[in-house]
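Note sheet for the following structure.
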Amino acid sequence: MKLTYPTLFTKLKGGKCLVEVPDLEILTEGKDLYDAIEMAEDAIGSKCIILEDEKIDIPVPSKYSVIDISKGTFSSEGKTFVSLVNIDTSEYRKNIIPIF
């Protein structure tokens, strides 16, 4: 399944970047923007395949235009912007290392 989620990125002084994916209730971070994007992709992929495996409906991504950055969890901590993050759960599943 291919999905695109609006994602909030908050850049902090020093380069660190905090991440929130509101539709999936995901919070993560990266040491810089590039790392934050990778962390968002990984968190979205992991959450979606867990939901698939548990036969739970994956939340429909919100429209980009309805995301209010001022309501983001980290909005008071730095400069926040919205970007879209893509995930293909079939490809993600092929690339993860089995935990067991």
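All of the numbers you see were taken from the coordinates with simple rules; none came from a lab. Since we're looking at a predicted model, the values are computed, not measured. Reconstructed Cβ throughout: ideal geometry from the backbone, glycine too, with neighbour counts over all protein chains shown.
Here are some notes:
- Most mobile listed residue (65, 75, 46) in the chain, GNM with C-alpha springs under 10 Å: 65
- Projecting label points 7 angstrom from Cα along Cα→Cβ for residue 57 and residue 2 puts them 2.3 nm apart.
- Backbone N within the range 16-49 under 18 Å of label point (7 Å from residue 76 Cα along the Cβ vector): 18-20
- Between 0 and 90°, nearest 10: helix 33-53 axis offset from the chain longest Cα axis: 40
- With the helix formula -39500 (n - 2.57) applied to DSSP H stretches of n ≥ 4, the chain reaches a computed 222 nm mean residue ellipticity of -9000 deg cm²/dmol.
- Cα gyration tensor, the range 1-53 - rounded (a/c under 1.5), prolate or oblate: prolate
- Local net charge near residue 58, Cβ-Cβ under 14 Å (Lys/Arg +1, Asp/Glu -1): -3
- ³J(HN,Hα) computed for each position of the range 60-75 - Karplus, 6.51 cos²θ - 1.76 cosθ + 1.60, integer Hz, glycine/proline x: 6, x, 5, 6, 3, 5, 9, 6, 9, 5, 5, 9, x, 3, 9, 4
- Label selected from [x] 20, 15, 11; [y] 24, 16, 10; [z] 39, 12, 10, the criterion being semi-axes √(5λ) of the Cα gyration tensor in Å as computed here: [y]
- Entries in 11/55; 31/63; 13/71; 63/94 that, when Cα-Cα distance is taken, lie over 25 Å: 11/55; 31/63; 63/94
- ³J(HN,Hα) computed for each position of the range 26-31 - Karplus, 6.51 cos²θ - 1.76 cosθ + 1.60, integer Hz, glycine/proline x: 9, 10, 8, 7, x, 6
- If you take all other residues with their beta carbon under 13 Å from the beta carbon of residue 30, and give Lys and Arg +1 and Asp and Glu -1, the sum is -4.
- Counted without the sites themselves, the longest stretch of the chain free of GluC sites (Glu not before Pro) in a DSSP loop having at most 15 other beta carbon atoms within 10 Å is 26-53.
- Counted by Cβ distance under 10 Å from residue 87, the other residues give a net charge of -2, where Lys and Arg count +1 and Asp and Glu count -1.
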